[in-house]
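Enquirer: Structure incoming, see below.
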Amino acid sequence: MTFDASEGLLTIDLDALAENYRTLRDRLHPGGRCGAVVKANAYGLGVEQVAPVLYREGCRHFFVATLAEGAQLRSLLPADARITLLTGVRPGHEKACTESALEPVLVTTAQIQAWVEATATGGVAAPCALKVDSGMTRLGMGAQEFAQLLRQPQLLRAANLRLFLSHLACADEPQRPQNRQQLRNFSDALARVREVCPQLEASLANSSGIYLGDDFHFDVARPGCALYGVNPTPGQSNPMRAVVNLRVPVLQVRQVERESAVGYGATQHAAAGSWLAVVRGGYADGLLRTQSGRGRGAAVIGRAVEDAAGTIEERIVVPMIGRVSMDTCVFDISALDQAQREKLRAIELLNDDLTVDDMGAAAGSIGYEILTSLGRRYGRRYL
Ligand SMILES: *Cc1c(COP(=O)(O)O)cnc(C)c1O
């Protein structure tokens, strides 16, 4: 599929990304290192462009989800970058892992045994990571299996564990007691595994976990969403800079003569005399259909001025009306006067003020899903 700016333009601000990395890193306790999660094509923003910028900022520990993501990332980064595979390795793929120097996250004793068998030379396996479940009940070794594993110190030593990790379920809700409970469970497990592997490094915090306090930081933090502009502290002002701007073209500006139902299902009505802008951008472009009738955009109006730049742009926030279709959606631009309508250039769906968090909330979802759904039909520009 070809990228075409006339079908919408996604602008990704790599300076903002770099600044967000520095903000997170500077927040860590002394000695804490800041890794970066670049899974799912760097949350949809383009790992080819994103990973080298983070490396330049000093990041040396990257996290991806799949083997294919890891192999691609390895080709993008110098050899001193560590790459951890968050969803581990499937049986038979151990060699592919070591060929790209990827460290899989293992979660069962059987996986550890298989890793040792497949990769050990001179009795020591290739580097890997162990993840325990500290209370989220998703991927991670349970307490009982972990207790049994500790009774096999030879296996633990042969496994060549480099990182011990767990994941927080409610880090974006600091008042939840589960955060402290998970911290206690993780710290206890860490103390016990370090009796066998004293050098083992630990990692617990995702983006929001970094803001829970120093005792959540351990050796390596694993921020993802905050790098890309999602607010890691919901309900408080966002310490991150927006990274994404999305601007879509207006296909038609029209006035409705009488009250009219707009779009599929005739779910909303435009009042007689309203002005509407039909834009190029629909759910096949990642504008989640669940934001129908609730989303907002910014009408971008070009205004001629005397200075050298020639024009400046003014923005007026306008509501979406009716359901999002596959390729189009509609905004009610009645708030614009005639002169503004004539200079309407585009509708911005994401910018510094209309955030991925706002769009996520309008869609009954989260900023993460907005980012990872961003369409493949837009043109892309990296600043
Ligand atoms: C995705 C992921 C992260 C990053 O989380 P954010 O909330 O995006 O910062 C960290 N750790 C694990 C295990 C993950 O799966």
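Quick note: the coordinates plus some simple rules give every number you see, no bench work behind them. As the structure is a prediction and not an experimental result, all values here were calculated from the model. Because the Cβ atoms are built from the backbone with ideal geometry, glycine has one as well, and the counts that use them run over all protein chains shown.
Enquirer: With only Lys, Arg, Asp and Glu charged, each at its Cβ (+1 for the first two, -1 for the last two), find how big the charge dipole of the chain is about the Cα centre; round to the nearest 20 debye.
Expert: The calculated dipole for the chain is roughly 720 debye.
Enquirer: For T84, enumerate residues with amide H under 5 Å from its amide H, sequence gap 5+ or separate chain, H modeled in the peptide plane.
Expert: When sequence neighbours closer than 5 places are left aside, the close amide H contacts are F62, F63, V64, E103.
Enquirer: Would you calculate a helix-derived [θ] at 222 nm for the chain, using -39,500 (n - 2.57) for each DSSP H run of n ≥ 4 and dividing by the full residue count, to the nearest 500?
Expert: -8000 deg cm²/dmol
Enquirer: By how many nm would the segment from H29 to D353 grow when fully extended, if each residue of separation counts as 0.36 nm and the alpha-carbon distance is taken off?
Expert: My answer for the length gained is 113.6 nm.
Enquirer: Show me 196-202, 48-54 ranked by packing, highest mean number of other Cβ atoms within 10 Å first.
Expert: Descending packing order for the listed peptides: 48-54, 196-202.
Enquirer: On to the next question. Distance between Cα centroids, region 324-362 to region 169-191: provide it in whole Å.
Expert: Using only Cα atoms to place each centre, the spacing works out to 40 Å.
Enquirer: Can you give me the relative contact order of the chain as a percent, contacts being Cα pairs under 8 Å and 6 or more apart?
Expert: Reported relative contact order: 19 percent.
Enquirer: Using a cut-off of 14 Å between beta-carbons, work out the net charge of the residues near V53 (Lys and Arg +1, Asp and Glu -1, V53 not included).
Expert: Result for the neighbourhood of V53: 0.
Enquirer: Run the numbers for R258 and E173: contour at 0.36 nm per residue of separation, minus the present Cα-Cα distance, in nm.
Expert: Stretched out fully, the R258 to E173 stretch lengthens by 25.9 nm.
Enquirer: State, in angstrom, two size descriptors of region 14-228 derived from its alpha carbons: Rg to one decimal place and Dmax to the nearest whole number.
Expert: 16.5, 49
Enquirer: Same structure, new question: Quick check: net charge around N185, other residues with Cβ under 12 Å of its Cβ, Lys/Arg +1 and Asp/Glu -1?
Expert: Computed value for this residue: +1.
Enquirer: For region 14-228, what is the percent of antiparallel DSSP beta bridges, rounded to the nearest 5?
Expert: If we restrict to bridges inside region 14-228, about 5 percent are antiparallel.
Enquirer: May I ask which residue of G135, Y21, A339 lies farthest towards the positive end of the charge dipole of the chain, with charges of +1 (Lys, Arg) and -1 (Asp, Glu) on Cβ and the Cα centre as origin?
Expert: G135
Enquirer: Quote the relative contact order of region 244-354 in percent (integer), defining contacts as alpha-carbon pairs under 8 Å separated by 6+ residues.
Expert: 35 percent
Enquirer: Can you give the Rg to Rh ratio for region 244-354, taking only C-alpha atoms and Rh from Kirkwood?
Expert: 0.99
Enquirer: Hey, what do the phi angles of region 73-86 turn into as Karplus ³J(HN,Hα) couplings, whole Hz, using 6.51/-1.76/1.60 and θ = phi - 60°, x for Gly and Pro?
Expert: 5, 4, 6, 9, 10, x, 5, 7, 7, 8, 10, 9, 9, 5
Enquirer: Spelling out what I want: for every residue of region 126-142, take phi, set θ = phi - 60°, compute 6.51 cos²θ - 1.76 cosθ + 1.60 (Karplus), and round to whole Hz; glycine and proline get x.
Expert: My calculation for region 126-142 gives 5, x, 8, 10, 10, 10, 10, 8, 9, x, 8, 6, 10, 6, x, 6, x Hz in order.
Enquirer: What ranking of C170, C225, C128 emerges when the number of other C-beta atoms within 10 Å of each C-beta is taken as an exposure proxy, fewest first?
Expert: In order of increasing Cβ crowding within 10 Å: C170, C225, C128.
Enquirer: Quick query: amide H of L106 versus all other amide H atoms, modeled in the peptide plane; which residues come in under 5 Å with a sequence gap of 5 or more or a different chain?
Expert: Result for L106 returns A129, L130, K131.
Enquirer: Also, I was wondering about something else. Antiparallel versus total DSSP beta bridges in the chain: what percent is that, nearest 5?
Expert: 55 percent
Enquirer: Report the net charge of residues surrounding L156, where surrounding means a beta-carbon distance below 11 angstrom and charges are Lys +1, Arg +1, Asp -1, Glu -1.
Expert: Neighbour charge sum, excluding L156 itself: +3.
Enquirer: Name the longest site-free stretch of the chain, where the excluded sites are trypsin sites (Lys or Arg not before Pro) in a DSSP loop with no more than 15 other beta-carbon atoms within 10 Å.
Expert: 1-137
Enquirer: Treat each spin label as a single point 7 Å out from the Cα along the C-beta direction, and report the K95 to I316 distance in nm.
Expert: Placing both labels 7 Å beyond Cα along the Cβ direction yields 6.6 nm.
Enquirer: Across region 284-289, in residue order, what do the Karplus-derived ³J(HN,Hα) couplings come to in whole Hz, using 6.51 cos²θ - 1.76 cosθ + 1.60 with θ = phi - 60° and x for Gly and Pro?
Expert: Karplus-based 3J(HN,Hα) across region 284-289 equals 6, 9, x, 7, 3, 5 Hz.
Enquirer: To test your reading of the geometry: what angle, between 0 and 90 degrees and rounded to tens, separates the Cα axis of helix 109-119 from the longest principal axis of the chain?
Expert: Helix 109-119 sits at roughly 80 degrees to that axis.
Enquirer: Using only C-alpha atoms and all pairs of different ones, pull out the Kirkwood radius for the chain in Å with one decimal.
Expert: That comes to 22.9 Å for the chain.
Enquirer: Once the Cα atoms of helix 47-56 and of the chain are each reduced to a long axis, what angle between those two axes, in degrees from 0 to 90 to the nearest 10, is obtained?
Expert: Result, in degrees: 60.
Enquirer: Amide H neighbours of G295 under 5 Å, at least 5 residues apart or on other chains, H built in the peptide plane: list them.
Expert: Those lying under 5 Å, H to H, from G295 are M320.
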